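The structure under discussion appears below in the form of structure tokens.
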Amino acid sequence: KKVLIVGGVAGGASAAARLRRLDETTDIIMFEKGEFISFANCGLPYFIGETIQERSKLLVTSPEMMKNRFNIDVRVFSEVIKVDAVNKKVTINSPKEGQYEETFDNLILSPGAKPFIPNISGIDSKKIYSLRNVPDTDRIKKAVDQQNTGTAIIVGGGYIGVEMAESLIQRGIEVTLLENAPHILSPFDSDMVAHAEKEMQEQGVQLMLNQRVEAFQDDEDKITAYMKDGNKLTADIVIMAIGVVPDTAFLQNSNIKLGQNGHIIVDDSMQTSVESIYAVGDAVEVKHFVHQQNTAIPLAGPANKQGRIVADQICGIPTKYKGTQGTSIIKIFDITGACTGLNERNLNQVNIPYKVVHVHPLSHAGYYPGAKTISLKLIFKEDGKILGAQAFGVEGVDKRIDVIATAMRLGGTINDLTELELSYAPPYSSAKDPVNMAGYVAE
Ligand code: FAD
């Protein structure tokens with residue numbers, strides 16, 4: 001049996017490793033168009049900010065290790081440019097080998113998503129950067145390392161934009177973040193995200209909301225962003241971080257069904273519209289765990305889980321993907337924001353009625369030094385079923401959202417939150433944990 005994998009990072013590499021563990025004999029070939037496989041995408045902003053100091057730490061594994069440890073044939077600088085689903089073969093383009101074909105019994109697609117770059121005037125300036133992979137990171141780091149880089153514009157207040165703002169501030173750069181929406185961090189509701197915006201401003205980020213960039217102009221050593229409302233802003237570099245689009249152009253005309261934004265359509269076995277072909281990760285449209293409608297949520301956890309499921313499926317183990325819940329977390333300087341499930345905006349869009357409670361408990365017992373307030377928002381149905389939660393605070397935010405995310409996975413209600421027996425000693429929590437408290441208030 002021969003399995004080909006397109007994309008060698010989160011989804012692709014986890015599918016490959018699981019496949020090998022399940023089956024020692026399958027031929028596995030993994031194609032990666034870039035130089036690196038299995039790199040730590042999520043660590044890239046922290047390397048630019050120098051919290052992670054060694055570049056080698058970003059490279060989790062290498063083609064040689066995949067060969068030696070798992071007997072997987074990894075081919076880097078190898079771009080799959082065409083999939084022939086009928087004749088079960090792909091065409092690869094590589095600078096070394098030129099164009100060639102490879103046949104398959106099963107194909108796993110994990111090409112991921114790439115930064116969305118709007119088609120506006122001046123966008124091809126060399127002073128404009130985006131961040132997806134190690135070469136992008138090297139380019140940004142090089143610019144930041146230069147003495148004369150003192151100011152940056154970040155376009156987009158999503159997770160990557162916010163992480164980059166912190167990293168650049170840490171490097172002594174003056175940062176202005178432009179956001180088109182009335183608030184940054186769209187996974188959170190506007191009442192909650194105020195915590196993040198306040199922290200960013202206090203740490204020196206100039207936040208400009210409701211600002212749509214319409215054009216750039218590159219002058220000799222500066223770049224100017226022109227906004228729709230007539231504002232303009234000049235800096236040394238620009239980071240574009242306004243979201244991602246699936247990297248699936250090579251699948252046009254392949255018979256593999258794509259959604260309207262180019263995501264690969266899969267079923268709960270992660271199988272595409274073609275029987276022998278599976279797809280995972282940022283490139284696919286999946287069901288949302290909470291309302292079961294189609295969604296695309298680009299996160300590393302789901303990509304890894306889906307990779308495992310595909311390997312199971314190919315080996316005859318009927319594991320199913322039950323949907324993405326959107327559990328995510330972000331460090332914003334000294335505070336943490338985390339969320340899971342649907343927010344009010346999402347729920348209003350699909351007309352699902354809901355109730356909300358806000359609680360502001362301490363992260364641990366008040367009489368033990370260092371306790372900090374957590375702002376926790378719980379969203380649930382009339383019958384008590386939990387639909388989502390969001391939290392901001394200095395400590396203990398991750399644990400509370402993860403507990404609620406777990407309860408949601410298991411179909412939990414607000415009543416279940418009151419019953420959870422969670423670990424407690426004064427340095428860590430209170431006898432009534434913030435999660436219990438949210439349940440009590442919601443009841
Ligand atoms: P990717 O990891 O993007 O891998 C796809 C690979 O396929 C790429 O290397 C690409 O070069 C290759 N490829 C594409 N097309 C072809 C082709 N035709 N032929 C050959 N190779 C091809 N998620 C979190 O959950 N938490 C975080 O903190 C977090 N931080 C992030 C920070 C940054 C800066 C970035 C960029 C992403 C972050 N993510 C985070 C998102 C996470 O990295 C992705 O959800 C995850 O990597 C998706 O895995 P994937 O396999 O679908 O795609």
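Please treat every number below as a calculation from the coordinates, not as lab data. Treat the numbers as computed from the prediction; the structure is a model and nothing was measured. Positions of Cβ are backbone-derived with ideal geometry, glycine not excepted, and every protein chain shown enters the neighbour counts.
Restricting the calculation to alpha carbons of region 1-42 gives Rg and Dmax of 10.5, 33 angstrom. Taking chymotrypsin sites (Phe, Trp or Tyr not before Pro) across region 89-146, the ones in a DSSP loop with at most 15 further Cβ atoms lying within 10 angstrom of their Cβ are 116. Springs join every pair of Cα atoms under 10 Å in this Gaussian network model of the chain, and among 52, 237, 330 the largest mean-square fluctuation is at 52. Beta-bridge orientation, region 171-253: approximately 75 percent antiparallel, per DSSP, counting only bridges with both partners inside. What the phi angles of region 414-421 give under the Karplus curve with 6.51, -1.76 and 1.60, with θ = phi - 60°, is a coupling list of 4, 5, 4, 5, 5, 8, 4, 9 Hz, glycine and proline written as x. For region 236-245, backbone phi angles converted through the Karplus equation (6.51, -1.76, 1.60; θ = phi - 60°) give residue-by-residue couplings of 7, 9, 10, 10, 8, 9, 10, x, 10, 10 Hz, Gly and Pro being listed as x.
The simple spin-label model puts a point 7 Å past each Cα toward its Cβ; for residue 431 and residue 73 those points are separated by 6.6 nm.
Using the Cβ-Cβ distance between residue 315 and residue 345 with R0 set to 45 Å, the FRET efficiency works out to roughly 0.65. Counted by Cβ distance under 13 Å from residue 320, the other residues give a net charge of +1, where Lys and Arg count +1 and Asp and Glu count -1. Post the alpha-carbon centroid distance, region 289-315 to region 324-355, in whole angstrom. The distance from the Cα centre of region 289-315 to that of region 324-355 comes to 19 Å.
Amide hydrogen proximity for residue 130: with H placed 1.01 Å from N in the peptide plane, the residues at 5 or more positions away or on another chain lying under 5 Å are 240. Hydrodynamic radius of region 214-293 by the Kirkwood approach over all distinct alpha-carbon pairs: 15.9 Å. Annotation: extensible slack from residue 201 through residue 329 equals 44.1 nm (criterion: 0.36 nm per residue apart, minus Cα-Cα distance). Only Cα pairs under 8 Å and 6+ residues apart enter the sum, and on that basis the relative contact order of the chain stands at 14 percent.
Shown here are the Rg and Dmax of the Cα trace of the chain, at 23.0, 70 Å.
Our summary gives region 306-433 a relative contact order of 23 percent, counting only alpha carbon pairs under 8 angstrom and 6 or more residues apart. For region 384-423, the spread of Cα positions along the three principal axes, ordered from largest to smallest, is 28, 22, 14 Å. Site pair residue 65 and residue 293 shows an inter-label distance of 4.1 nm when each label is modelled 7 Å from Cα along Cα→Cβ. Once you've got the GNM for the chain with C-alpha springs shorter than 10 Å, pick whichever of 329, 81, 120 has the biggest mean-square fluctuation. Comparing 329, 81, 120 in a Gaussian network model of the chain, the most mobile one is 120. Each residue of region 211-219 was assigned a 3J(HN,Hα) from its phi angle through the Karplus curve 6.51 cos²θ - 1.76 cosθ + 1.60 (θ = phi - 60°); the sequence is 10, 9, 7, 10, 6, 10, 9, 9, 9 Hz, with glycine and proline shown as x. Using the empirical formula 2.2 N^0.38 Å as the baseline, the Cα radius of gyration of region 331-442 reaches a ratio of 1.03. Close amide H pairs (under 5 Å, H built 1.01 Å from N) link residue 123 with 216, residues at least 5 positions away or on another chain. Between 410, 59, 251, the GNM of the chain built on Cα springs shorter than 10 angstrom shows 410 fluctuating the most. When a/c reaches 1.5 or more, the comparison of a/b and b/c decides; with that in mind, is region 1-143 rounded, prolate or oblate per its Cα gyration tensor? Oblate.
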